[in-house]
Amino acid sequence: MNLTCLEKHTQNCTNKSRLYDSTILSVRRCDVLIYKTMRCIVSTLPSIMEKLQYPIGKWNPPTSFSWEEIQANIEILKSIPAAYKALTADLSAEDLQKQYRVGSWTIQQIVNHVADTHILHYIRFKHSLTEADVQGVIGNIDAWANLTEAQTAPIEYSLTLLEGIHQRWGHLLSNMSPEDFEKGYYHPMRKVYVNLSDGLHMGIWHGQHHLSHIKLALGLS
């Protein structure tokens, strides 16, 4: 049966309408998929960024430490400089400028920062053992790390400094009594009282925290 021109035109219009409706439906489905994908990305972005910033988690000490745990932590603290030395051995100038996330400190800044900060940790112990009502000494460590000096100083300087500080710090810790570890200081930035068993744990966490940053920057984790 032959179709008239009008019937053919009507059928073509119907087919085009169906195609249009199908296209609109596909676009809408695509929009929904994009929307859901973007929601997923936006919802997970904070956790991804926090994982990069705190690869081993935020500092969260146990409620207490046994004497055996304190002694084990002293040995861990003593081992930190060697871990930094091994991880950064033979890094090129280009490697030292790598970052663990966009806008982060470079490896060079991290190593110099750790040496600076562990001096402060050591001094806090000295103050706590010899003074009462101690306010933990702090500094504007972000500003320190952004000084030209901290961005350009050879890491060998800081590795040597870190080794010396940990030798003295470790020797001090090994000569402390259980009662000494109950002493402590108020941490102005964290706004908490930190006894010296917690302070030891904090020093370990800080060292391992930035070791993980260097590994991320080097693509090792």
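Structure notes:
- Percentage of interatomic Cα-Cα distances in the range 68-153 larger than 21 Å: 45 percent
- For V192 and Q135, the difference between the fully extended length at 0.36 nm per residue and the C-alpha to C-alpha distance is 19.5 nm.
- For peptides 64-74, 153-163, sequence by mean Cβ density within 10 Å, most packed first: 153-163, 64-74
- For the range 111-126, Karplus couplings with θ = phi - 60° (6.51, -1.76, 1.60), whole Hz, Gly/Pro x: 4, 5, 5, 4, 4, 4, 5, 6, 4, 4, 4, 4, 5, 4, 5, 4
- Convex hull of the range 102-221 built on C-alpha atoms - directionally averaged projected area, nm²: 8.1 nm²
- Under 5 Å, built H, 5+ apart or other chain: amide partners of V134: Y186
- Packing, as the average of other Cβ atoms within 10 Å across residues, places the peptides 210-217, 89-96 in the order 210-217, 89-96, highest first.
- Estimated from the Cβ-Cβ distance and a Förster radius of 22 angstrom, the FRET efficiency linking L218 and E163 is about 0.55.
A short reminder: the numbers here are calculations on the coordinates, not readings from a lab. Just so it is clear, the structure is predicted and the values come from calculations on it, not from any experiment. Because the Cβ atoms are built from the backbone with ideal geometry, glycine has one as well, and the counts that use them run over all protein chains shown.
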